[in-house]
Amino acid sequence: MTWWLRVHLVPGACAGVLACLVLAPLLAGSALPVPSLLGGLGTGIPVPLVLPAVPAGFLLYALSRGPFEHEATAVRPVRGYRAGLFAGAAVVAAALGLAEAQWLDFDLGPAVARNLVGYLGVGLIVQSLAGAAYGPVAVAAVPVGCALVGLPAGGRPYPWAWPLHEGASPSASAAALGLFAVGLLLRRRARGAHT
């Protein structure tokens with residue numbers, strides 16, 4: 001277990017998730033300037049909505065480290081460790097996001113948690129289909145791509161641009177949870193096919 005934690009940089013990944021949720025309220029007034037290609041407002045997207053891409057990408061990278069042969073032949077349930085870490089990160093993010101919304105009056109708290117879960121889902125899907133190296137890259141591309149083509153002239157994001165929606169958007173939360181569930185399922189099947 002200690003070897004697995006060290007190889008997969010678990011303490012650093014957990015610290016990154018917590019740092020993201022601590023920094024998000026502090027960066028609430030800042031925006032990442034990304035122009036809208038569809039003639040939207042072009043003011044950029046709030047940094048707290050993009051910030052979860054950093055720990056999500058790091059978590060995906062960290063859990064893809066290490067030789068697959070060692071994990072495939074391990075006596076301990078390392079697949080369960082991996083799924084548990086992803087699920088734990090999602091639960092901690094959701095709890096802290098809701099706590100920040102309640103106690104700090106940070107309206108984007110649930111959106112930060114939702115985006116972390118959704119980015120993890122996108123990364124897991126891409127890693128299962130294209131390879132481990134492409135998951136973090138896909139996570140970084142999602143918020144930028146959504147900002148470029150997800151804001152029409154009216155200024156309200158398209159339904160598929162879930163990272164740009166406000167924190168209370170049920171459709172964005174459903175999309176992020178759906179991506180996360182599909183990502184975990186695909187990851188499990190891809191790993192199960194190799195054992």
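Taking 1 over the mean of 1/r across every pair of different Cα atoms in the range 1-60, what Kirkwood radius in Å do you get? The Cα-based Kirkwood calculation yields 13.2 Å.
Expressed as a whole percent, the proportion of Cα-Cα pairs in the range 146-185 lying more than 12 Å apart is 57%. The Rg/Rh ratio of the chain, with Rg taken over Cα atoms and Rh as the Kirkwood radius over Cα pairs, comes to 0.99. Multiplying the residue separation of Ala95 and Ala141 by 0.36 nm and subtracting their alpha-carbon distance yields 14.0 nm. With the simple model of a label 7 Å out from the Cα in the direction of the Cβ, Ala132 to Glu166 spans 4.2 nm. Net charge in the neighbourhood of Val112 (other residues with Cβ under 13 Å of its Cβ; Lys, Arg +1, Asp, Glu -1) is -2.
The convex hull built on the alpha-carbon positions of the range 97-142 has an orientation-averaged projected area of 3.2 nm².
Share of carbon and sulfur in the accessible area of the chain stands at 71%, probe radius 1.4 Å.
Over all pairs of different C-alpha atoms in the range 80-195, the reciprocal of the mean inverse distance, the Kirkwood hydrodynamic radius, equals 14.8 Å.
Rounded to the nearest 0.05, the FRET efficiency derived from the C-beta distance between Trp3 and Ala87 at R0 = 22 Å is 0.55. Heavy-atom accessible area with a 1.4 Å probe sorts Glu100, Glu166, largest first, into Glu166, Glu100. Label sites at Gln102 and Leu18, each approximated as a point 7 angstrom past Cα along Cα to Cβ, lie 2.0 nm apart.
Just to confirm, what accessible area per residue do you get for the chain at 1.4 Å probe, in whole Å²?
On a per-residue basis, 49 Å².
Within the chain, the whole DSSP H helices whose Cα atoms reach 18 Å or more along their own axis and whose mean Kyte-Doolittle score is at least 0.0 are 10-26, 78-103, 109-130, 135-149, 170-194.
The values are calculated or read from the model by the stated rules, or taken from the named source; none is laboratory data. Everything quoted here is computed from the prediction, not taken from an experiment. Glycine gets a Cβ as well: all are built from the backbone with ideal geometry, and neighbour counts include every protein chain shown. Areas reflect the complete protein model, heavy atoms only, side chains present, ligands, DNA and RNA absent. Shrake-Rupley method; radii C 1.70, N 1.55, O 1.52, S 1.80 Å.
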